[in-house]
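The values are calculated or read from the model by the stated rules, or taken from the named source; none is laboratory data. Keep in mind that what you see is a predicted model, and the values were worked out from it rather than measured. Here the Cβ is made from the backbone with ideal geometry for all residues, glycine too, and neighbour counts use every protein chain on show. Each accessible area value is taken on the protein alone, full model and side chains, heavy atoms only, with ligands, DNA and RNA left out. Shrake-Rupley method; radii C 1.70, N 1.55, O 1.52, S 1.80 Å.
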Amino acid sequence: MLGYLLRRSLGWLLMIVVATNLTYFLANFFLDPRANYLQLRPPRTPGQISRSLAEYNLSRDTPLLDRWWHWISGIVVHWNWGYSPVGESVNSQISFRIGVSAQLVLGSLILSTLIGISLAVYTAARQYRFADRFYQGVSIITLNTPVVVASLAVVLLAIAFNQSVGSTLLFVAGAQSPTVNGFWPLLLDRVRHLILPTISLTVIGYASYHLLQRSLLLDNINSDYVRLARAKGLTRQSAIRRHGLRTSLIPVATSVAFAIPALFTGAVITETIFAWQGMGQYFIQTIGKNDIHGAVAVAAFGALMTAIGAILADIAVVALDPRVRVN
Amino acid sequence: MGFPRTAPVLSVRDLAVSFPSEAGRVDAVRGVDFDLCPGRTLAIVGESGSGKSVTSMAVMGLLPEYASVTGSIALNGRELLELDDRQMSKIRGRDLGMIFQDPLSSLTPIFSVGRQIVEALEIHQNLDRDIAWKRAVELLDLVGIPNAAERARSFPHEFSGGMRQRVVIAMAMANDPQIIIADEPTTALDVTVQAQILDVLRLSQAETGAALIMITHDLGVVAGVADEVLVMYAGRPVELAPVEELFARPRMPYTIGLLGAVPRVDVAERRPLVPIAGNPPLLVDLPPGCPFQPRCPVSVPGCGDREPELTVVPGAAVDGHRAACIRAHEIRYDGRAVNCGGRIDGRPVYPVPPAPDAPAAHVPREQRPAVLEVKGLSKTFPLLRGALLKRRVGWVYAVSGVDLDIRQGETLGLVGESGCGKTSTLLEIMNLRPPQSGSIRIGGVDVAELRGRGAERQLRRTLQMVFQDPIGALDPRMTVFDILAEPLQAIGEADRTAIGARVDELMDLVGLDPEHSDRFPTAFSGGQRQRIAIARALATNPSLLVLDEPVSALDVSIQAGVINLLNELKATLGLSYLFVAHDLSVVRQISDRVAVMYLGRIVEIGALDEVFDNPQHPYTQALLSAIPVPDPVVERTRERIVLRGDLPSLIDSASGCRFVSRCPLHVTLDVAQRARCIGETPELTGRGGTGHRNACHFR
Amino acid sequence: MTTNVPPLQPIVDKVDTVDTVLSPTEERVARRGQRLSRRRLYMRRFLRNWGAVAGLVILAVLVVFAIAGPMLTPYTYTDVDFTNLASAPSTMHWFGTNGTGNDTFAQTTHGLQRSMIIGVVVSLLTTLISAFVGAAAAYLGGTAEKAILGVVHFLLVVPSFLILALISQKVGGDWKVLILVLTAFGWMLGARVVWSLSTSLREREYIQAARFMGVSSLRIVLRHLIPNIGSLLIVSFTLGVVATVQAETGLSFIGFGVKQPDVSLGALLGDGANTITSAPWLFYFPAAMLTLLTVSMALIGDGLRDALDPTSHSAGRA
């Protein structure tokens, strides 16, 4: 098993390396850092711009392959992912933003999964009754409401809520306030910032787990082994819970595992709207500011997350399903 | 034999079940009455859609919520239909045990079998974990799982189908139920395993003293196990009688037809089977009158008035013989009791159709040209392990050194249990690619010497195939016309009118209305679809038809018609068949020669009657004896060789006889002889030059 | 994709209806006198699903609105009314105006049109590509299959959202280029789903039968494989429209999609978000259109899947 995981990981590593290098060349083709200097007053000469950029290994006067070699050896030898056109270190940006994103992403992932699965168990047992149809309708609507709309609606509701209670209980922007001290006040401040983005990510995220788990459960409810479990003397409900649910969790676990990477880099819009400085927002920023090294680092991070998701999915399957255990 | 007078443990009255559907309300069960006495076995027999399984599900309270159930089901006088799921769950598993058809899907894949049996015990008994586990192991041991203590920790996928069915039986008997319901418990299993499972069922009944409801379509199984038999048709019981009476003197034309349509492995006389015309009715908006009337050969105008009740037949040989037919009392049996020998007004209820005459058969076999010659054919597959990562851990020897030949106008039956390599053999032939080793010649052309698509196409014309599943073999998105035109277009026919004429001709040939060729396959019944598949295979005028279990997916009454059609086509068109089947009784109906396969090798080959009447190889003998005969007298008196264990896997390539692990003869041999079985691969050899050969050192 | 769009896979995975689309009883009813043709049966099932019917009605209204809307107002989406800057809805400007004086009604109808065209064209193209690539990979097998799957998997790992943003950033706001880019990076998941379905179809006996009759590979893919995953393709087309509209909205919202002077609903929302408290009508109207569009499409897709699903019990009760 370990050997298998190791081999899989190596395969993924190779894919990540190839994908990252590909992005490096693409980014060099599409992004031109010189543009950042053109609006500066007083105007710089091309020579000046080139010299400033050369400092960060971004000058077009250096052949692309030389720059690439410099960049890649920096990563391999010093784990240094380079600098933005204005000299910010990519490493420090990313290490700070991963933490910010993680707060946002993990909480809502856990909430979405729990809400989705519980709703599925509840509705599957009531197939085609009112509760089932109602929650299914709600889920179809939330799943398909555009993220922008859902997030802005949450913002509007929160503003209305704050106005009605007469103070800013929930913050609609930022990850924390700059002037809070002490452990408990700090924690409370974090929570007040976290609530709204977490709600909006959960609202758009839970429905896919609900609908997937529900249909898998329904398949299983009609399966021969749930019928046999009932024939042994379990009630319908407990047969579904004991025999149907765990078997049908396998695909859902896989899809949760795969959702982690998508969430990390995919929460772009949520982070933009709630002004969180996470990975998603960094991604827009790097492209907007022609930050080649930053963009490539985001790409590498995305590929890494995909790989981690895939490996987690493998582990989940092996843990839940005895049929695939390699003897 | 009359009915015992003890109080019934289960009493069903006027049970009716209906389901909603797009087409309207489906009345799946329409008034079932029966009593089941302690320790007795009631068989419920019927074809697919007759309502037999729905009846058993209604007794268990396992029908889906949207089903509407009326009538009465009383267990020891307690009405079950009034109970809700929670109350019913206290009865299920404790008083009622159930065994389902498909053992491969009825165990939860993610729990060990021991845990699943423990669960069955703990639901109804307040047991200590250790004690429950010990009891579970005992039960597994009882149903014949070797190394039960160890195997209890294994997961279902580590067991074979037969072993899983034993586990299910262990579960059903765990709480000493009063009734065990077995719904087609052996249908998904091989015939040698079926014999074992039926033994285990008898054992479980003896252990628990339970009454058994056996639901099956197999009249042979019924003849072996039942005390009373209930025959169902179109959701209604049409005949109820003690088993011997039912087989000897059936009083309902449907039952008579069913018995006449079953091919028998023990009867040498080759007469055409007697099919029942038409198809079972839809259970939506049934017209008044007897539902069997449109198919009944002896119906009279009075049959259409109202549906006949299941009433006692006046003048029946035993009391308690009931039938739902207004002419039941007119049916007579002269002296000897013979299946389907019922007569009305001196004429048989079902006249036997004439046997087709095959001109090819008049020429001695040796003088007819060979259409297929297979020599030393072998096929191996890499064996892959691991569901995530496929790794080759060995080779599967699917086919090893198979020799066959088929002459013009001849049918070779290739028989064996699932996994014996018969399908691999057939696919090797159909692929028209040079085999891994050995040679295949079709109509004298060696496939290894085929060059180019043109030559391959030319050869494909002469070789066509009919598949097992008539639903799967026809593309559901194409009309019958397009389906039949496809082989013609594939050989380069482009003229629409020529194709149209040929399609009409083909429809006619297989007994279908050419007008219907613009319909989609779903508009036809199973038997009709198989006819379409046969028509498609005949489109290019082939000389050899390869038939892969062509009737095993069909109901008995329909199957007989298809077998007769195949025999007729062979006679009129001079076709040769390679007929692959697991059912030896069907093979007996259609073949001229038989080859028996075991684990990739042919163990016995010869002319039909020689092999069936005088089987040489111990495997052939066991196989023949495992097939249940639809005659309770024969079935209960004959001696049966029950093989141990399951079909081993084909991984071993070592020399020696592959049957050694299950051979009943091997254990009777002395040490030197046994060593020969293990060390030396037996060749196919014959005595007396009759062409009857077998691969056993000692036969 | 740049948005929080959930992967397409779990949605379409369920549509393995493939061929046995009728339950045994219905089949036999169809046999008897052809009382219910297949198409009419689907229609009946679809119409019984009120959500799907509501979706169809909403979509029809939206289509009419997108086509007729621009004719109802004297302003075009580029006209600027300097006398009305950021004014609230009035009889002159039904949906109000934005900060530069554009008429929001004209912009919304135009944006709706844009989003619809992009959604439909991209989904159609990706569905076709994924059907052909997936089915071909499954049927051909061997090295061809391995190569095609390798490419698909690699493209799935490559951060396509980033490349998408890079390209549309560079070429700047042309909706036709956006269609090309969204198509180029949108077909892989679908192709994988089609492939996995087709591999099970490939083992079907009618495919084997065709092969044994000597029917050519191309013909088998076109005549047998693709028609039999038709229901999957129909459903994945409708859901693909939703996914594309969401992706386009996301891209335009963060400024990498359709750009000035052209407008799409996403771009309008991007403007509206900045003035959500001062000029909320700039958010409300495009948001409502967009949500109605995606939800109605999703309801239709869901209804279709249910109608084409053989195991569906939408038949009601006895």
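Worth pointing out:
- Condition check for B:Ala607: open to solvent by 30 Å² or more (accessible area, probe 1.4 Å), at pLDDT 90 or above and among the hydrophobic types (A, V, I, L, M, F, W, C): yes
- Residue-level analysis places B:Ile73 outside the set of residues that are β-branched (Val, Ile, Thr), within 11 Å of chain A (Cβ to nearest Cβ), under 20 Å from A:Thr235 (Cβ atoms) and touching a helix residue (DSSP H, G or I) at 6+ places or on another chain (Cβ under 9 Å).
- Selection of the range B:109-144 for residues being modelled with pLDDT of 90 or more, at the interface with chain A (Cβ under 7 Å from one of its Cβ atoms) and under 14 Å from A:Leu228 (Cβ atoms) yields B:Glu119, B:Ala120, B:Ile123.
- Residue within the range A:218-231 that is touching a strand residue (DSSP E or B) at 6+ places or on another chain (Cβ under 7 Å), within 14 Å of chain B (Cβ to nearest Cβ) and crowded, with 23+ Cβ neighbours inside 10 Å present: yes
- Subset of the range C:136-166 (residues that are over 21 Å from C:Val120 (Cα atoms) and within 11 Å of another protein chain (Cβ to nearest Cβ)): C:Gly150, C:His153, C:Phe154, C:Leu155, C:Leu156, C:Val157, C:Val158, C:Pro159, C:Leu162, C:Ile163, C:Leu166
- Residue list for the range A:145-162, filter: assigned to a helix (DSSP H, G or I) and buried (at least 19 other Cβ atoms within 10 Å of the Cβ): A:Val147, A:Val148, A:Val149, A:Ala150, A:Ser151, A:Leu152, A:Val154, A:Val155, A:Ala158
- The set of residues in the range C:269-282 being facing another protein chain (nearest Cβ under 10 Å), open to solvent by 10 Å² or more (accessible area, probe 1.4 Å) and either touching an Asp or Glu at 6+ places or on another chain (Cβ under 8 Å) or hydrophobic (A, V, I, L, M, F, W, C) (or both) consists of C:Ala273, C:Ile276.
- Residues (open to solvent by 60 Å² or more (accessible area, probe 1.4 Å), of a type in the set (Val, Ile, Thr) and not in a helix (DSSP H, G or I)) located in the range B:643-681: B:Ile651
- Any chance C:Phe253 is at the interface with chain A (Cβ under 8 Å from one of its Cβ atoms) and either at positive phi or open to solvent by less than 20 Å² (accessible area, probe 1.4 Å) (or both): no
- Entirely in the range B:467-572, the helices (runs of 4 or more DSSP H) that have 2 or more residues that are over 25 Å from B:Leu412 (Cα atoms) and open to solvent by 50 Å² or more (accessible area, probe 1.4 Å): B:496-509
- The selection criterion, being away from every other protein chain (no Cβ under 12 Å) and surrounded by fewer than 19 Cβ atoms within 10 Å (Cβ to Cβ), does not hold for A:Ile117.
- The lone criterion from (1) more than 14 Å from chain C (Cβ to nearest Cβ); (2) more than 29 Å from B:Arg441 (Cβ to Cβ); (3) not β-branched (Val, Ile, Thr) left unmet by B:Leu569 is number (2).
- Any strands (runs of 3 or more DSSP E) falling wholly within the range B:365-456 and containing at least 1 residues that are open to solvent by 40 Å² or more (accessible area, probe 1.4 Å) and within 30 Å of A:Leu6 (Cα to Cα): B:370-385, B:391-407
- Some residue of the range A:21-44 being under 30 Å from A:Ile315 (Cβ atoms), in a helix (DSSP H, G or I), open to solvent by 90 Å² or more (accessible area, probe 1.4 Å) and not assigned by TED's automatic domain parsing to the domain that holds A:Asp291: no
- Where strands (runs of 3 or more DSSP E) fall wholly inside the range B:1-54, the ranges with 1 or more residues that are closer than 30 Å to C:Phe46 by Cβ, open to solvent by 10 Å² or more (accessible area, probe 1.4 Å) and out of contact with any Cys (no Cβ under 9 Å at 6 or more places or on another chain) are B:10-19, B:26-36.
- All of (1) without any contact (Cβ under 8 Å) to a residue 60 or more places away in the chain; (2) away from chain C (no Cβ under 14 Å); (3) basic (Lys, Arg) hold for A:Arg129 with one exception: (2).
- Neighbours by Cβ (under 9 Å, 6+ apart or cross-chain): first from the range C:41-66, farther than 18 Å from A:Tyr128 by Cα and touching a residue at least 12 places away in the same chain (Cβ under 8 Å); second open to solvent by less than 20 Å² (accessible area, probe 1.4 Å) and not in a helix (DSSP H, G or I): C:Leu41/B:Glu22; C:Leu41/C:Val21; C:Leu41/C:Leu22; C:Tyr42/C:Val21
- Residues in the range B:97-108 that are open to solvent by less than 20 Å² (accessible area, probe 1.4 Å) and within 8 Å of chain A (Cβ to nearest Cβ): B:Gly97, B:Met98, B:Phe100, B:Ser106, B:Leu107, B:Thr108.
- With respect to the stated conditions, B:Val633 is over 21 Å from B:Gln196 (Cβ atoms) and outside the structural domain of B:Pro369 (by TED's automatic domain parsing).
- Number of residues in the range C:173-222 that are closer than 18 Å to C:Ile234 by Cβ and within 13 Å of chain B (Cβ to nearest Cβ) equals 2.
- Residue identified as in a loop (DSSP other than H, G, I, E, B) and not hydroxyl-bearing (Ser, Thr, Tyr) among B:Gly302, B:Gly315: B:Gly315
- Residue check for A:Val268: open to solvent by 10 Å² or more (accessible area, probe 1.4 Å), touching a Phe, Trp or Tyr at 6+ places or on another chain (Cβ under 8 Å) and more than 7 Å from chain B (Cβ to nearest Cβ): no
- Residue under evaluation A:Gln48, criteria (1) within 11 Å of chain C (Cβ to nearest Cβ); (2) surrounded by fewer than 14 Cβ atoms within 10 Å (Cβ to Cβ), criterion not met: (1)
- Single residue of C:Ile148, C:Ile220, C:Ile129, C:Ile229 found to be modelled with pLDDT under 85, buried (at least 16 other Cβ atoms within 10 Å of the Cβ), β-branched (Val, Ile, Thr) and in the same structural domain as C:Val295 (by TED's automatic domain parsing): C:Ile229
- Lone qualifier among C:Arg44, C:Arg35, C:Arg31 - being at the interface with another protein chain (Cβ under 8 Å from one of its Cβ atoms) and at pLDDT 80 or above: C:Arg44
- Residue match in the range B:580-600 (condition: open to solvent by 10 Å² or more (accessible area, probe 1.4 Å) and more than 19 Å from B:Asp548 (Cβ to Cβ)): no
Residues checked against (1) over 23 Å from the mean Cα position of the chain (by Cα); (2) closer than 30 Å to B:Pro146 by Cα:
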{"site": "B:Met173", "(1), (2)": "yes, yes"}
{"site": "B:Pro177", "(1), (2)": "yes, yes"}
{"site": "B:Glu184", "(1), (2)": "no, yes"}
{"site": "B:Ala188", "(1), (2)": "no, yes"}
{"site": "B:Gln194", "(1), (2)": "no, yes"}
{"site": "B:Gly209", "(1), (2)": "yes, yes"}
{"site": "B:Val231", "(1), (2)": "no, no"}
{"site": "B:Val243", "(1), (2)": "no, no"}
{"site": "B:Leu246", "(1), (2)": "no, no"}
